[in-house]
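Written below as structure tokens is the structure these notes are about.
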Amino acid sequence: MRTTAIGSAVATIVFLTAIVLMFQGDAITDSYGIVFLAFFAGIVLLALVPFVHRAVQRRWGRTSRPLRPSAVRPSARPADVPTAAPAPHDESVATVDAEPERPGVTFASGLASSRRSLRDRLASIRGRRPDGDTWEVLEEALLGADVGVATTMATLERLRSTAADLGIVDSGELVLALGDQMRACLDADRSLAVSAPGREGATPVWLFVGVNGVGKTTTIGKVGARFSEEGRSVVMAAGDTFRAAATSQLQTWADRCGAELVSGSSGADPSSVVHDAITAAAARDADVVLADTAGRLQNRKNLMDELAKVRRVADREPGAVAETLLVIDATTGQNGLSQARAFAEATDVTGVVLTKLDGSAKGGIVFAIEAELGLPVKLVGLGEGAHDLIDFDPHSYVDALLPASPQSASPQSASWEED
């Protein structure tokens, strides 16, 4: 545009000058007039070059311009990351873009928000002798991390006894003692069974329960991807027959991890879908069935009765329930915990999957879950990628929240062992 404007201005000036000089024939010879005319013609041609270039570009240049990254649609994507249309508000499959998946997720990176929140609160007591204000700060820090009132009071009561027994006179040592106490509290068995105890030969079934929106479908997809990478064959059961999007999302995950999906018509009996999936898995000698379930709390009694029925059917030959995993959204905090109690009572839950822990500044919810529900947290979601659902390691978890004690050592994360 700047070249065009300059060229046009110069051409106009030269044109007007040439007109004036040409009409003064008595002062200028014909040879000078010809020179001026030639010069004028050259300037006009120069001014027209940008217009000609733009016209040619509009006509032919589109096919040669490189596409913007957002316009590129790869024909093939990594097998462990699904792609799907935007999911409804309650559950969604992990989003896909042209960027490679974030590698090496850890508790330290996933719990950065919770760690900042806790350490900011504890900064005010650093270097001080423990006093009344110190205990108030500790209480506020634990409550702010969503540890829960009852669990916080019990934790601080034990810590007071420990501080008295060890003669702790520095707040930094007190925080280290708190970390050691937290690790000692998280001593539950977190192994994940890929076969049902005492049911050799039966097809193992993992049931996933929880309210809509906590990430059940996404969790199933990530677990299926992990099993597939381990060389296990997977059948997925779309047992949430009341939410149309759940089946399509699960189909996307099944396609990506090479699993088979068994689904029914909208509103079909979830128990029959799960039974069909188990039958299909037994016929194909599949290693495990991952079953989705509904989570409509607006009709709680019917839902709980339905889930209890699904579990009974899944535990019949040729299947056997190896794990019933309660999925909880960490960002919902104590509200999610209260909703989860009903599921834990109805379906004989064996463990908890805590999703979206990286998106919450209240990572202490793990302590509330284990203290109030009496259930071990077995898997945690620390990101949206297919590999960001990892085994829960209490030592790494506490180390990511609080300063690690020199005596503490992080063991290997929970294994997926056969019973």
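Any residue that is under 21 Å from the mean Cα position of the chain (by Cα), open to solvent by less than 20 Å² (accessible area, probe 1.4 Å) and not charged (D, E, K, R) - is there at least one of those in the range 308-322?
Keep residues of the range 308-322 that are under 21 Å from the mean Cα position of the chain (by Cα), which gives none.
Checking the range 308-322: not a single residue is under 21 Å from the mean Cα position of the chain (by Cα), open to solvent by less than 20 Å² (accessible area, probe 1.4 Å) and not charged (D, E, K, R).
Only residues that are within 18 Å of LEU354 (Cα to Cα) and either open to solvent by less than 10 Å² (accessible area, probe 1.4 Å) or free of Cβ contacts under 8 Å to residues at least 60 places away in the same chain (or both): list them for the range 194-213, please.
Initially, the range 194-213 is screened for residues within 18 Å of LEU354 (Cα to Cα), giving 206-213.
Listed by number, the residues that qualify are TRP206, LEU207, PHE208, VAL209, GLY210.
In the range 337-354, which residues are open to solvent by 10 Å² or more (accessible area, probe 1.4 Å) and under 18 Å from THR219 (Cβ atoms)? Write out each step before concluding.
Kept after step one, since they are open to solvent by 10 Å² or more (accessible area, probe 1.4 Å), are these residues of the range 337-354: 338-339, 341-342, 344-346, 348-350.
GLN339, ALA344, VAL349, THR350, listed by residue number.
Do you know which residues across the range 172-193 are over 30 Å from ARG128 (Cβ atoms) and either crowded, with 23+ Cβ neighbours inside 10 Å or of a type in the set (D, E, K, R) (or both)?
We begin by selecting, within the range 172-193, every residue over 30 Å from ARG128 (Cβ atoms); these are 187-193.
Hits for the range 172-193 are ASP187, ASP189, ARG190.
With respect to the numbered conditions (1) assigned to a helix (DSSP H, G or I); (2) surrounded by 22 or more Cβ atoms within 10 Å (Cβ to Cβ); (3) modelled with pLDDT under 85, which one is the sole condition not fulfilled by ILE369?
(3)
Can you pull out the residues in the range 379-391 that are open to solvent by 10 Å² or more (accessible area, probe 1.4 Å) and under 17 Å from LEU325 (Cα atoms)?
LEU389, ILE390, ASP391
Go through (1) of a type in the set (D, E, K, R); (2) closer than 24 Å to PHE343 by Cβ; (3) over 24 Å from the mean Cα position of the chain (by Cα) for ASP240 and report which single condition fails.
Status for ASP240: all satisfied but (3).
For the range 263-302: of the residues being over 15 Å from LEU207 (Cα atoms) and among the hydrophobic types (A, V, I, L, M, F, W, C), which is modelled with the lowest pLDDT?
LEU297
Does the range 234-256 hold any residues that are open to solvent by 20 Å² or more (accessible area, probe 1.4 Å) and touching a residue at least 60 places away in the same chain (Cβ under 8 Å), and which are they?
Passing the criteria: ARG243, ALA245, SER248, THR252, ASP255, ARG256.
The values are calculated or read from the model by the stated rules, or taken from the named source; none is laboratory data. Every value quoted in this text rests on a predicted model; they were computed, and no experiment measured them. As a convention, Cβ positions derive from the backbone with ideal geometry for all residues, glycine included, and neighbour counts pool all protein chains shown. Quick note on the areas: whole protein, heavy atoms, side chains included, nothing else; ligands and nucleic acids left out. Shrake-Rupley method; radii C 1.70, N 1.55, O 1.52, S 1.80 Å.
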